[in-house]
Amino acid sequence: MDVLRAFLKAGGLLPPRSRQMLSPGGCASPKIQRSKTVVPMNILIINPPDKQVIPEFKDEKGKGFLEPGDFGKFPPLGALYVLSYAQKYQPKHQYFFLDCVGENISQKELPQYLATIKPDIIGITSFTISLLDVIQVAETARAVAPGAHLCLGGHHATDFPVEASQLPQFDSIIVGEGEQAFASLIERLGTGRDIGGIPGVYTRDTIRSRNGEKYRDPRYRGYLTVAPAYMEDIDMLPPPDRSRITHIRYNSVVGLESRIATMITSRGCPYKCTFCNVPCKQYRPRNLEMVMDEIEECLRLGYKEFHFYDDLFNITSERLEAFCTALKHRSLNIVWDFRGRVNGVTFESLALAKSVGLRLVFFGVETGSDEGLKRLKKGCTLAQIKQAFHWCRRLGIKTVADFMIGLPHEKSAADIRHNIDFLISLKPDYAQIGIMNLYPHTEIYAEAVERGLVEPNRWNTWALNPTKDFYVEHWTEHISDIELVRFHRQSYRRFYFRPRYILNSIFAVRSFHEFKSKATGALKLLSRR
């Protein structure tokens with residue numbers, strides 16, 4: 001409530017930390033038509049609260065042993081990119097940004113924010129698992145600002161475009177990458193023109209003529225039913241406007257600082273992991289000099305630690321080396337980490353990265369058998385996994401092993417224990433262990449439907465009429481949900497409560513934030529049942 005009081009105290013304006021007027025001199029995008037008469041508007045982009053997320057289990061609690069929020073708080077980069085692009089290419093309007101998750105803003109507090117801003121256009125980003133919160137935000141916005149145009153973007157609109165377009169709370173949706181599409185939508189609405197024909201923008205009427213089609217585009221996974229918006233040249237994108245979020249302390253539970261900057265150096269991932277539903281497969285790297293400029297701006301804003309959150313940061317070891325060389329040429333002194341693949345590193349590239357501040361790498365291990373890796377189409381081997389972790393230990397680079405249980409090839413408790421044995425043998429500094437969720441539009445989900453483990457079109461039906469009794473399914477051919485939760489708890493405790501691991505962790509602490517994170521994590525592991 002302190003944030004809300006400060007907001008209202010400002011006399012109907014945004015507080016100083018969020019009051020960012022349009023910067024003068026914005027240049028026009030050649031792809032966006034302009035009219036001489038533009039009506040200035042208030043444009044608000046919202047990242048909704050996440051208090052009604054679809055539970056992972058259908059039991060009375062609906063939760064696993066650890067939840068996504070236990071691993072940190074990260075900025076909504078996609079929404080920030082959309083905001084920054086619109087500010088640059090449609091500069092005659094006033095823009096506002098609200099991250100309800102980052103600022104812990106509840107649904108009850110939203111009406112007063114909306115009444116103060118008086119938005120003309122509201123863009124709401126979304127994940128399918130938080131659709132109930134998204135819809136509640138839209139209903140509140142419609143009640144407070146009945147004349148505003150409500151646009152739904154984000155992952156849900158791309159995953160379920162037909163269903164999303166039929167939600168009565170929204171006037172339009174954006175399918176795919178929303179920067180150009182949202183800016184074009186603003187331009188059309190600001191000049192009173194029809195919004196039909198904007199690539200990636202659909203309404204409940206315009207999408208009907210497309211219903212049932214299969215849109216074939218090698219840049220995307222094959223489940224799309226309509227043509228998406230797409231950024232061919234991502235160097236066109238201005239960096240996220242972090243002046244909107246400098247007051248929010250985003251952090252990682254495995255970070256060194258209590259405040260981190262999250263960045264991307266590329267978009268897309270060409271790999272075909274069967275459990276992944278990242279829609280865009282076309283890999284597009286950013287110009288590294290532009291990345292270095294963005295890092296320098298973050299340093300001026302006071303950030304010291306950087307988390308690179310690309311779909312695939314190290315597509316090759318050469319790309320990793322090029323990034324490190326660019327850092328070295330600029331003499332940028334940062335602490336950083338990245339999410340990557342074991343087959344995208346060499347000892348030499350890791351050594352170079354260590355020399356320019358690399359502290360930690362998140363490796364997607366997933367499972368401890370070559371059979372499992374093949375089943376998941378990971379595109380790597382156990383030998384490559386072992387080698388990458390060995391190199392990191394030798395160089396003093398910390399590691400996080402991302403791991404899953406509840407996989408199709410695990411048929412017993414012994415199989416799960418064997419996989420956790422492999423995880424422990426890698427000696428990572430941290431492990432993130434999840435139960436594999438069966439999300440639609442993945443190969444593993446299609447296989448589960450074929451085997452009768454999940455009901456076909458269940459998610460599509462729910463997306464049209466979301467209710468609170470919905471839950472995420474798992475591969476329960478051999479092991480039940482209740483058993484998976486028990487094995488999840490046991491796996492975490494096996495890894496983190498080893499006496500030698502505890503001692504090593506204590507002596508490895510390098511900051512108060514790191515100590516606090518480890519202590520909090522230990523208490524969670526001890527207290528949760």
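Each value in this text was obtained by applying a stated rule to the coordinates, not by laboratory testing. All of these numbers come straight from a predicted model, not from anything done at the bench. For neighbour counting, all protein chains shown are included, and Cβ atoms are generated from backbone atoms with ideal geometry for every residue, glycine included.
Tabulated data
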read-out: Restricting region 163-233 to trypsin sites (Lys or Arg not before Pro) in coil, as DSSP defines it, with at most 14 other Cβ within 10 Å; value: Arg193, Lys214, Arg216
read-out: In region 432-506, trypsin sites (Lys or Arg not before Pro) in a DSSP loop with at most 15 other beta-carbon atoms within 10 Å; value: Arg451, Lys468
read-out: D (Stokes-Einstein, µm²/s), Kirkwood Cα radius, region 249-523, 1.306 mPa s at 10 °C; value: 79 µm²/s
read-out: Cα gyration tensor shape of region 363-516, rounded if a/c is under 1.5, else prolate or oblate by comparing a/b with b/c; value: prolate
read-out: Separation in nanometres of the label points that stand 7 Å from Cα toward Cβ, at Leu503 and Thr191; value: 7.2 nm
read-out: Relative frequency of Cα-Cα separations exceeding 17 Å in region 346-422, percent; value: 48 percent
read-out: Length-normalised contact order for region 356-461 - Cα pairs under 8 Å, 6+ apart - percent; value: 28 percent
read-out: Footprinting exposure proxy for Phe362, Phe495 (fewest neighbouring C-beta atoms within 10 Å first); value: Phe495, Phe362
read-out: Size of electric dipole in region 281-412: Cβ of Lys, Arg +1 and of Asp, Glu -1, about Cα centre, debye, nearest 20; value: 340 debye
read-out: Residue order, fewest to most beta carbons within 10 Å, for Phe313, Phe347; value: Phe347, Phe313
read-out: 0 to 90° range, to nearest 10: angle between helix 382-395 axis and the chain longest Cα axis; value: 90 degrees
read-out: Per-residue ³J(HN,Hα) for region 450-462, Karplus 6.51 cos²θ - 1.76 cosθ + 1.60, θ = phi - 60°, Hz, x for Gly and Pro; value: 4, 7, x, 7, 9, 7, x, 6, 4, 5, 4, 4, 5
read-out: Ranked Thr140, Thr467, criterion: other C-beta atoms within 10 Å, fewest first; value: Thr467, Thr140
read-out: Relative contact order (percent, whole number), the chain, Cα cutoff 8 Å, 6+ residue spacing; value: 13 percent
read-out: Region 311-377 and region 434-465: distance between their alpha carbon centers, rounded to Å; value: 32 Å
read-out: Cα-Cα separations in the chain greater than 33 Å, expressed as whole percent; value: 42 percent
